[in-house]
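Notes to accompany the following structure.
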Amino acid sequence: MTKKSIICRDIKGKKYKVKAEELNFRPSVYALIFKGNKILLSKQWDGYDFPGGGVKKGELLEEALKREVWEETGLKITPGKIVEAAEDFFVGIESKKKLHTILLYYLCNDPKGKISTGNFDENEKKYAGPAEWVNLKDIKKIKFYNGVNSPKLIQKAYKLHKD
């Protein structure tokens, strides 16, 4: 491994210089779920993110996506195609774990069930709230806690959803 250093950020945008060999590799999956002119977003602190999270070792990507969406929203979904792939370097705010993340964003269909926080883990209970259906016209006004251009990603996914 090289002696390279990477700049990571935490959820609040604080930057950390991290040695590459300290990074943990973390594939993750996220759902873009539409209903009419609304998208389902996970409430986090004073903003939002897409429902989703880390893939466990031995877990298929679509299995992880279904599990993460169910844990964060209470809904069951049908994964569709991958809309976007990205990567990020991140430091967990509580765990301080240094991550090199690969993020896969899926267009998902057929949300079933009732929105719930009943499946949150202990960490999620500290910062997350119930998922919300957010009107697409309000997307540029809200704060996102992720490393992608969320309004642009939503626009791209919505176009695919409508086609």
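Data for the structure
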{"read-out": "Residue list for the stretch 24-62, restricted to those being surrounded by 16 or more Cβ atoms within 10 Å (Cβ to Cβ) and aromatic (F, W, Y)", "value": "Y30, F34, Y48, F50"}
{"read-out": "Subset of the stretch 45-64 [within 19 Å of Y127 (Cα to Cα), in contact with a Lys or Arg (Cβ under 9 Å, 6 or more places away or on another chain) and either in a strand (DSSP E or B) or of a type in the set (A, V, I, L, M) (or both)]", "value": "G47, Y48, D49, G53, G54"}
{"read-out": "Residue among R26, R67 that is among the charged types (D, E, K, R), in a strand (DSSP E or B) and closer than 18 Å to E124 by Cβ", "value": "R26"}
{"read-out": "Answer residue from the stretch 1-23, given it is free of Cβ contacts under 8 Å to residues at least 40 places away in the same chain and part of a strand (DSSP E or B) and is surrounded by the fewest Cβ atoms within 10 Å (Cβ to Cβ) among those", "value": "K17"}
{"read-out": "Leading residue by the ranking (farthest from K38 (Cα to Cα)) among those in the stretch 135-155 that are over 16 Å from the mean Cα position of the chain (by Cα), touching a residue at least 24 places away in the same chain (Cβ under 8 Å) and not in a strand (DSSP E or B)", "value": "K137"}
{"read-out": "Cβ pairs under 7 Å, 6+ apart, first in the stretch 108-119 and under 7 Å from L75 (Cα atoms), second assigned to a loop (DSSP other than H, G, I, E, B)", "value": "P111/L75; K112/L75; G113/G74; G113/L75; K114/G74; I115/G74; I115/L75"}
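No lab work stands behind these numbers, since they all come straight from the coordinates. This one's a predicted model, so the numbers in the text were calculated from it and none came from an experiment. Note that each Cβ is placed from the backbone with ideal geometry, even for glycine, and that neighbours are counted across all protein chains shown.
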